[in-house]
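No value in this document is a laboratory result; all are computed from the given coordinates. A quick note: this is a predicted structure, and the numbers were derived from the prediction, not measured. When we count neighbours, we look across all protein chains shown, and the Cβ atoms used for this are built from the backbone with ideal geometry, even at glycine.
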Amino acid sequence: MKIEENKIILKGTAASAGEVEGIVRIVKDSTSSTTDFKQGNILVTKITNPSMIMIMTKASAIVTDIGGLTSHPAIVSRELGIPCVVGTENATKVLKNGMKIKVDGKRGIIYKV
């Protein structure tokens, strides 16, 4: 299925290029259980911080409610070479754990798959 055929559910700031499909895992803070976060999950959170690095290295993409091009998730995702969309405003409310999405880090768009 081409990316244009999927339904757009969120838009934000394109912070790190790339496209990936995966399963949403919402992480509220760094004290959340890292065992629940599986390799390849898409990290969805309000904002990341340095204490979340272990989770971020497992993520296939990062989506945040807040942030800009120089925010922590944007910089780390570029270092890791994974797609990232920041500043969606409500990703943690719109997306649900287990949902399959596609993250387009070049356009800043999240699609429901």
Exercise. In whole Hz, what ³J(HN,Hα) sequence does the range 55-64 give by Karplus (6.51, -1.76, 1.60; θ = phi - 60°), x for Gly and Pro?
Worked result: 6, 4, 6, 8, 6, 8, 6, 10, 10, 10
Problem set entry | Listed peptides 107-113, 57-63 by packing density, highest first (mean Cβ within 10 Å) | 57-63, 107-113
Seminar exercise, completed: Taking placed amide H atoms and a strict 5 Å upper bound, the residues 5 or more places from Val113 or on another chain that come that close are Lys100, Ile101, Lys102
Exercise. With springs only between Cα atoms under 10 Å, which of Val94, Val76, Val85 fluctuates most in a Gaussian network model of the chain?
Worked result: Val94
Exercise. Taking the Cα-to-Cβ direction at Lys58 and at Asn97 and moving 7 Å from each Cα, how far apart do the two end points lie in nm?
Worked result: 1.2
Problem set entry | Separation between Cα centres of the range 84-109 and the range 10-59, rounded to whole Å | 10
Exercise. Where Rh is the Kirkwood radius over the Cα pairs of the range 18-57, the temperature 37 °C and the viscosity 0.692 mPa s, what D in µm²/s does Stokes-Einstein return?
Worked result: 312
Problem set entry | 3J(HN,Hα) from dihedral phi, the range 96-105, Karplus parametrisation 6.51/-1.76/1.60, rounded to Hz, x for glycine, proline | 10, 3, x, 5, 9, 9, 10, 9, 10, x
Seminar exercise, completed: The whole-number value in µm²/s of the Stokes-Einstein translational diffusion coefficient for the chain, with Rh from the Kirkwood sum over alpha carbon pairs at 4 °C and 1.567 mPa s, is 98
